[in-house]
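Q: If you scroll down you'll find the structure; I have some questions about it.
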Amino acid sequence: GPPGSAPVAPLPSLDDRDPSIFERKSTEILAAIRCFVDGLKEWSPPGVKGPVTTKKEKCPGSNDDGSLLMHLNSLGLIEQVQELQQKPWGISNAADSNMLRTSETSLGSLLQNQYGADERKQILRRIVLPLLESLEQCYEILDNLPQTHQTQSTGESPSKTQHQSKASKSRRKNTAPPPLGMLSLNDYTNVACLLEFAVSASLSPCLEYPHVYFPPLPQLAEKSQKNSPGLQMHTIDKRTTFMAQKRSQALPKSLAGRISKMALTWGTACAAENHDSMRKSLSAFIANYFHPDRDSSFLKDPFTLHQIFHIYKVFQAYNEMATLATTIGRVLLLDRFRPMLLPRHLSDVYLALLIAERLRWYLSRLDKYFPPDIDDSLLTAMIKAEKIAEERNSQ
């Protein structure tokens, strides 16, 4: 799958010096963020009665199966983000038709199918992170553009000007145009909700299930688990969302009515559900792959397959944490957002960086256990893409 988030298409160059271009871009970005936050508020998981709204009717079938990704897609949000990026979203790091295979005939195709079915990663990488990157890129340019001051008309006669009150002249003299791309209080609230969802969908699952993100190292697990590789993946309970619930309890009052607690705990529950689904699929794949009548090629035993699987998952986790920290950090350092948003999310950025550095240490320890020759072109392309993203995030 595409590691991290796809590069955002560059905005017009500063050489253009046309504020209207960037102001229109900021309006489109804020509209997409508002659509995302409204979509979260309208959505409800399966078995939970959705909120009653009389403002507008929902799209037919927008939430029939409880899928948050399908609900947001029904609102046209994915297409909206694609237009903001000025490029179609796709697998940009491996231009190989094999990347689109759906039959699970190899470990690469299994991982690719699981990535496509993981709503949490799809929403993060197709909607949330691109929106934050576009927001940061646009407002960094707006903040660096010179503020244009409107000149007052001097067509009035001197005698008429003398009769104007001192207060009126002082007020006109001190009048300055609003800053470029000025945000309303509602815009700030929506950006804060987007940041809150990004943290709850990415960082909170890692804190809730650390053993999923930090698997046993090979030299520690080989002796005791070589003959029973299934012990490396345990079923986890998707109802254990303590970290997300604790965070939602400390939610500022300005956000409590704008984003629901269900939306903030969704990422943790989705991560658990995807992990359990992957565990079942991997067990079934091992049973089929290591059938006595089948040549297992470069994978000599299930233990080797598990190690390759864990190395790839560590790559994905590292890229996710590093991208989350750098993306949110750049937004928080902007002059517009630093006073209101930095105090709440500074610890999130530091924690994501700390976890990313730990995962990077895992990569350095696991790399030597990776088979030099892999007879799986899809898996090779996917791991190569993750390595490229890892190098980019390390810069």
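The values are calculated or read from the model by the stated rules, or taken from the named source; none is laboratory data. Treat the numbers as computed from the prediction; the structure is a model and nothing was measured. With ideal geometry, Cβ positions are generated from the backbone for all residues, glycine too; neighbour counts draw on all protein chains shown. Just so you know, the surface numbers come from the protein's heavy atoms only, side chains and all, with ligands and any DNA or RNA stripped out. Shrake-Rupley method; radii C 1.70, N 1.55, O 1.52, S 1.80 Å.
Q: Just name the residue that is modelled with the lowest pLDDT out of those in region 359-387 that are open to solvent by 20 Å² or more (accessible area, probe 1.4 Å) and under 20 Å from the mean Cα position of the chain (by Cα).
A: Lys387
To keep it simple, each residue is scored yes or no on (1) farther than 30 Å from Phe309 by Cα; (2) within 17 Å of the chain's Cα centre (by Cα); (3) outside any loop (DSSP other than H, G, I, E, B); (4) at pLDDT below 90.
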position	(1), (2), (3), (4)
Gly1	no, yes, no, yes
Ala6	no, yes, no, yes
Leu11	yes, no, no, yes
Glu23	yes, no, yes, yes
Lys41	yes, no, yes, no
Gly50	yes, no, no, yes
Lys55	yes, no, no, yes
Glu79	yes, yes, yes, no
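Q: Continuing with this model, one more query. When you scan region 82-103, do you find a residue that is under 30 Å from Leu305 (Cα atoms) and at pLDDT 50 or above, even just one?
A: Yes.
Q: Using beta carbons and a limit of 7 Å, which pairs, at least six apart or on different chains, have the first residue in region 114-135 and small (Gly, Ala, Ser) and the second one open to solvent by 20 Å² or more (accessible area, probe 1.4 Å)?
A: From residues that are small (Gly, Ala, Ser), the pairs are Ser134/Val8.
Q: Do we have Tyr312 as at pLDDT 90 or above and either touching a strand residue (DSSP E or B) at 6+ places or on another chain (Cβ under 7 Å) or of a type in the set (Ser, Thr, Tyr) (or both) here?
A: no
Q: Also: Kindly indicate whether any position in region 326-344 is at pLDDT 85 or above, surrounded by 15 or more Cβ atoms within 10 Å (Cβ to Cβ) and in contact with a Ser or Thr (Cβ under 9 Å, 6 or more places away or on another chain).
A: Yes - at least one qualifying residue is present in region 326-344.
Q: Continuing with this model, one more query. Of the numbered conditions (1) open to solvent by 70 Å² or more (accessible area, probe 1.4 Å); (2) over 16 Å from Cys193 (Cα atoms), Met321 satisfies every one except a single condition; which is it?
A: Failed condition: (1).
Q: Here is a list: Ser297, Ser260, Ser254, Ser277. Which entry is within 30 Å of Cys35 (Cβ to Cβ) and modelled with pLDDT under 85?
A: Ser254
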